[in-house]
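Remarks on the structure that follows.
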Amino acid sequence: MFFGIETGSERLRNEVLKKQLSDAASIKPENLHAAGIKFRTYNILGLPDETFEDACETVRMNVRIKADYRGAPSFSPYPRTELARYAAEKG
């Protein structure tokens with residue numbers, strides 16, 4: 001099973017990525033673990049406005065939910081998208 005959580009920071013998830021997904025609603029892995037189902041999280045490092053603490057929260061989230069596999073590429077927006085424009089504005 002794969003989860004595209006992108007970041008452990010609720011602020012980045014909602015303000016930058018516009019996901020409108022709270023920490024409480026993002027992942028509840030208890031049933032997956034109980035059923036023996038392994039899962040992977042996809043995270044993005046280097047989002048615009050991300051702080052070191054935000055990056056650490058992403059790591060802590062993966063530890064807390066006991067993700068079996070974690071992927072964390074660096075942020076690379078598609079050209080001419082809202083996120084690419086936002087990133088350019090932020091330098």
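Brief remarks on what is shown
- Per residue, the average separation of C-alpha pairs within less than 8 Å and at least 6 apart gives the chain a relative contact order of 34 percent.
- Under 5 Å, built H, 5+ apart or other chain: amide partners of F3: R40, T41, Y42
- Cross-link partners of K66 among aspartates and glutamates (Cα-Cα below 18 Å; sequence separation of 8 or more within a chain): E6, D23, E30, E57
Bear in mind that the values in this text are calculations on the coordinates, not laboratory data. Remember, it's a predicted structure, so these values are computed and weren't measured experimentally.
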